[in-house]
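The numbers here are math on the coordinates, done by the rules we state, and not lab data. Bear in mind that the values here come from a model prediction, so they are computed numbers and not experimental data. All Cβ positions, glycine included, derive from the backbone under ideal geometry; neighbour counts span all protein chains shown.
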Amino acid sequence: MPDDTTMFDPTGDEAAERDARWRRVVGELRREPSVRPGALDEVMAAVLDPAAGGSVRPIDSAPSRRAGRLGWLVRPRMIAVTPLHAAAALVLAAVALGAALVRRGDAPAPSVVAAPAGPAAAAATGTSEAAAASRTVQFVFVSGAAREVSLVGDFNDWQTGTTPLRRASPDGLWTVEVPLEPGRYTYAFVVDGTRWVPDDAAPRAPDDEFGGEKSVLYVRQDT
Amino acid sequence: MTPRQGSAPRTRALAALLLLALAAPVAAGAQDVPRAPDPRIAARFTGEHRVRLEAILDSARAADIPAEPLVQRALEGASRRLPPARIVTAVAGLAERLRLARRALGAPASEADLLAAASALHAGIEPATLERLARSRGSAGVALPLIVLVDIVERGVPQDTAERVILSLSDPRVADADFQALRQSILGDIGSGAPAGVAAAARARGLLVTHGLAAPMP
């Protein structure tokens with residue numbers, strides 16, 4: 001059995017001959033193959049031409065070095081997408097867009113109540129004023145002759161008797177407070193169960209279809 | 001297991017997710033258009049009139065018109081003890097005005113804006129005026145300007161003057177409180193004997209000057 005060390009410790013002619021063989025191998029590997037003149041240019045033109053099936057971009061169209069560490073964000077690359085993946089992405093985008101639109105349509109929370117406010121009116125007319133810090137709206141009706149007064153409107157399904165006014169003074173001041181959501185309402189007072197009377201201090205709404213006058217209340221929504 | 005065999009369950013799961021995603025909006029839309037009859041209508045109307053009212057409500061819901069004001073209109077007529085046929089006609093008229101209002105104001109209009117616009121149309125205001133006002137006011141809304149417009153016309157201000165006054169104040173910088181104050185001032189002037197049109201024009205000019213939208217009189 002030969003000594004292992006002799007394999008790594010050549011001497012004399014043996015080493016010189018081996019070095020010469022290695023130099024020939026390296027020289028052979030470094031030598032460029034001979035090609036037809038112009039062949040290299042033809043190959044590169046074909047690679048860069050998309051019409052010829054090329055898919056490599058020239059270096060001068062690559063993202064600028066200024067992109068720096070974020071260059072991967074703008075560097076073009078090929079992505080394989082199946083039809084199912086594409087459909088899923090479209091549906092998810094549509095659902096997200098729909099949710100965004102619904103959210104945009106959401107109404108902000110009400111914070112201010114605006115109601116028609118007018119001077120105290122003569123007998124048989126009404127006024128309404130808003131309590132500024134809440135959605136509660138006070139309705140006022142003045143009539144010394146009335147025995148009972150109730151309020152009807154879009155907020156109580158126009159049911160007479162469900163929202164009675166209470167007599168606040170012996171000389172005929174009637175009041176009631178009603179919590180209301182923001183919106184536009186029409187209403188009227190019903191005197192003694194039969195006579196419909198508008199709130200003369202509030203804006204009026206034309207109503208030739210039903211033949212009776214009524215009033216308008218606007219509870220504002222915060223923006 | 002080969003990769004091809006492993007992709008089959010994943011494909012089925014993706015397909016199921018797709019179906020769920022597609023079905024969810026349909027189900028949500030179905031909730032927006034309830035088919036059940038309104039119990040308040042059912043309690044106060046019968047026979048042909050009830051059927052016609054329900055048809056008007058369904059049609060409104062399908063056209064993105066708020067149905068609750070139509071229900072209230074019907075209930076108002078019933079409380080006034082009016083003939084059902086007359087009530088149905090009035091509800092149909094309001095539904096048509098709400099459609100016109102929606103067309104004039106656009107999709108973002110609130111229910112209050114639509115109702116005020118429908119009332120303005122009933123008072124004879126042209127849809128073009130509503131469109132101009134909505135464009136100028138933007139997100140500030142048109143409900144209170146239109147309520148004031150209809151009211152001052154009812155109180156005697158000539159319609160063309162009233163329209164010009166409100167349109168001149170349609171800048172979003174003019175707040176709802178300004179329109180309320182304008183109405184009070186005009187009514188006060190009319191009560192004191194001033195001609196309604198003159199009072200409206202003078203008070204509007206004062207408001208424009210206050211907001212820097214017009215130069216003061218020399």
Which value, in Å to one decimal place, does the Kirkwood hydrodynamic radius take for the stretch B:144-188 when every pair of different Cα atoms is included? 10.4 Å
Report the dimensions of the stretch B:33-116 along its three principal axes from the alpha-carbon atoms, largest first, rounded to Å. 35, 26, 16
Short to long, in 10 Å steps from zero, the percent of alpha-carbon pairs of the stretch B:78-218 per bin is 12, 39, 31, 15, 3, 1
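Around B:Ser185, with a cut-off of 14 angstrom between Cβ atoms, what is the net charge of the other residues, counting Lys and Arg +1 and Asp and Glu -1?
+1
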Which residues qualify? For A:Val140, with a placed amide H closer than 5 Å and at least 5 residues away or on another chain, they are A:Thr127, A:Ser128, A:Glu129
